[in-house]
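So the structure is just underneath, and the comments pick up after that.
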Amino acid sequence: MRRQRLFWRIYATYLVVIVLCTAAVGFYAVRSARSFYVQHTENELLARAQLVREQVAAQIGTQSAEQLELLVRRLGAASGTRITLISGGQPGATVGAVLADSDAIPSQMQNHSDRPEFKEALQGRTGVSIRYSPTLGEDMMYVAVPVTEDGRVAAVVRTAIPLTRVNNALNDLYWRIGLSALLVAVLAAAVGLFVSRRISRQVREIKEGAERLAGGDFAHKLFVPRTEEFAAVAESLNHMAEELDDKIGTLTRERNEREAVLASMVEGVLAVDTDERIIAVNEAAAGLIDVEPAAAEGRTIQEVLRNPDLQRVVAQTLSGHEPVEADIVMRVGSEDRYLQANGTLLRDGDDDSPVGAVVVLNDVTRLKRLEAVRRDFVANVSHELKTPVTSIKGFAETLEEGALDDPDTARRFVRIIAGQADRLSSIIGDLLALSTLEQRENEPRLTLEEAEVCDVLQVAVEVCEPKAQAKGITIGVSCTSCVLAAVNPPLLEQAVVNLVDNAVKYSPEGSTVEVALDETSDEIVISVSDHGPGVPREHLPRLFERFYRVDKARSRDLGGTGLGLAIVKHIAQAHGGRVSVVSRVGEGSTFRIHLPRS
């Protein structure tokens, strides 16, 4: 349905009222003017008839017809009025016969006994009539007065005037009234247009101001007009804008504070309504459950997540009144992520009714992994320490039970005990070294000095050279340029020795081990490559863990403690670097230490 503007409603109504009022006033003015002119003409004719009656009353019966006619013609010409003298029934005359007329020949005129004004005059009253005159052929106004003699109407004097004069005067008056009414209507319409536009403009200004307020521009103030009603509306809107600005500002600050708190939280926060639709999710939660916050909001938890454990936590929280705790395993990519979920109801602040639920997610993946590493470490340490201790105890008991009596056997057992003691000492020494490295990692700074990295590599290779020569293995060093770096030379030497020693252990006889030093824009890379059996891909992520062995039996046969690569990793981390490994089964392995240049 098409809506009309207020301007047209006001102006159209105003025009209708103006037209109606002008028409009514004009109609009344025309009627009044006509009535006035007719009454005025009637009064004039009456006055003239009375004057003529005074002059002819004394001459009726004494003057001849010719003399009366001359008198009537003279009076008619002097007054500009048609004057007719009609017989009233005097002796010798016919009632209604025309005795004299100022404009016509009496003998040629009809009997006037049937004329209404004549009939009224015969009754002794003044007769007035407006009718068509067949003699003159136009509308006339007639006024007849009786001429009495001895108490009877001897004759009737009638005056008449054509209504053409009256009509012409009225037509002129009508034009004047019409033009005046039109001028008044135009002026009133102009005033109405001005007033309507002013009212419409004030309403439009209030409307535009309200639209700006609806658009959030609360700083805009509406102009307060002088009209009381519009001023009240404008002041109310201005007051409302101030209150809305204050309330929205408060809500915005609270929202920003809430979002800042949620964004800065390490814990993930997931909020849903009673229909399990997500209403809020912070960045931490989005990262934990691998979703986009903007895409997740407004959708159900079942659409966003396919994890039944988390869906169960949300459902239990919404259906119960007690907090819900649960451990959840999320599959993100190719890794499992362990989460601890704590769910509680969201309640309305007014009536304390449930409006949703909030689930706080804590990432305990690292704790789970550390716990697994701790269990493996305890098991491995126990196993590694138990083996030499058991051997030492067993051979000592054997010696105690009589093996001392056999010198050769006793000497062999003592060598075995010494070997196991050395193995036990190596394990304990490596554990102490790891403990020391971990303490250094927690210190603000490691004591570093500028040293030639190539010299450190050469010393490490010389340490491992005797063992390599025993297996016929050649160790090659690729270090052509002078590279200075801030390092701890003893620790770095120990890390390189561990890598070269492992490469020599696992390389076949007669093979080669390559030690190389490379530079990039931001790193110094030390590489140790061998041509040993290689490491399967599934073992590579855990290769630098303590006591982790790919082939446990072979590692122990080669005399390893299972802590060498863990020591290398911690030395690299103590320098602010990292370690990496590339290996293919049957082709060998390459271990790298990445050190920062600065």
(request) Order these peptides, 165-173, 304-312, 149-157, by their mean beta-carbon neighbour count within 10 angstrom, highest first. (result) 149-157, 304-312, 165-173
(message) Let me spell out the model: positive unit charges on the Cβ of Lys and Arg, negative unit charges on the Cβ of Asp and Glu, origin at the Cα centre of segment 1-215. What dipole size does that give, in debye rounded to 20?
(response) 1900
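Tell me, what is a quarter of the convex hull surface for the C-alpha atoms of segment 80-209, in nm² with one decimal? Write out the running numbers ahead of the final one.
Working: hull surface 51.2 nm².
If I average the Cα hull's projected area over directions, I get 12.8 nm².
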(message) Can you compute the FRET efficiency between residue 334 and residue 217 using 1/(1 + (r/R0)^6), with r the Cβ-Cβ distance and R0 = 45 Å? Round to the nearest 0.05.
(response) 0.30
(request) Going by C-beta contacts inside 10 Å, put 539, 594 in order with the fewest on the left. (result) 539, 594
(message) Which aspartates and glutamates, if any, have their Cα less than 13 Å from the Cα of residue 393, not counting same-chain residues under 8 positions apart?
(response) 401
(request) Highest first, please rank the peptides 365-372, 525-532 by the mean number of other Cβ atoms sitting within 10 Å of their residues. (result) 525-532, 365-372
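With a cut-off of 8 Å between alpha carbons and a minimum separation of six or more residues, what is the relative contact order of segment 212-267 in percent?
On the way: 21 pairs, mean separation 14.5, N = 56.
Relative contact order for segment 212-267 comes out at 26 percent.
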(request) Taking the Cβ of residue 504 as the centre, find all other residues whose Cβ is under 14 Å away and add up their charges (Lys, Arg: +1; Asp, Glu: -1). (result) -3
(request) Binning at 5 Å from 0, report for segment 265-361 what percent of all alpha-carbon pair distances ends up in each bin. (result) 3, 14, 26, 28, 18, 8, 3, 1, 0, 0
(message) Can you find, among 251, 222, 240, the residue sitting farthest towards the positive end of the charge dipole of segment 216-263, where Lys and Arg contribute +1 and Asp and Glu -1 at Cβ?
(response) 251
(message) Please enumerate, by chain and number, the lysines with C-alpha under 16 Å from the C-alpha of residue 505, excluding those fewer than 8 residues away in the same chain.
(response) 467, 471, 552
(request) Please list 323-329, 587-593 highest first by mean number of surrounding beta-carbon atoms within 10 Å per residue. (result) 587-593, 323-329
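In debye, nearest 20: dipole of segment 216-263 around its Cα centre with unit charges on the Cβ of K, R (+) and D, E (-)? It would help to have the intermediate numbers written out before the result.
Values: 6 positive and 11 negative charges, 29 e Å.
The calculated dipole for segment 216-263 is roughly 140 debye.
Which order do 464, 454 fall in if you start with the one that has the fewest other Cβ atoms within 10 Å?
On the way: 464 23, 454 17.
Fewest-to-most ranking of 464, 454: 454, 464.
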(request) Report ³J(HN,Hα) in whole Hz for each residue of segment 208-215, in order, from the Karplus equation J = 6.51 cos²θ - 1.76 cosθ + 1.60 where θ = phi - 60°; Gly and Pro get x. (result) 4, x, 5, 5, 5, 5, 5, x
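Throughout, read-outs are computed from the coordinates displayed, never taken from laboratory work. None of the values given here were measured: they were computed from a predicted structure. All Cβ positions, glycine included, derive from the backbone under ideal geometry; neighbour counts span all protein chains shown.
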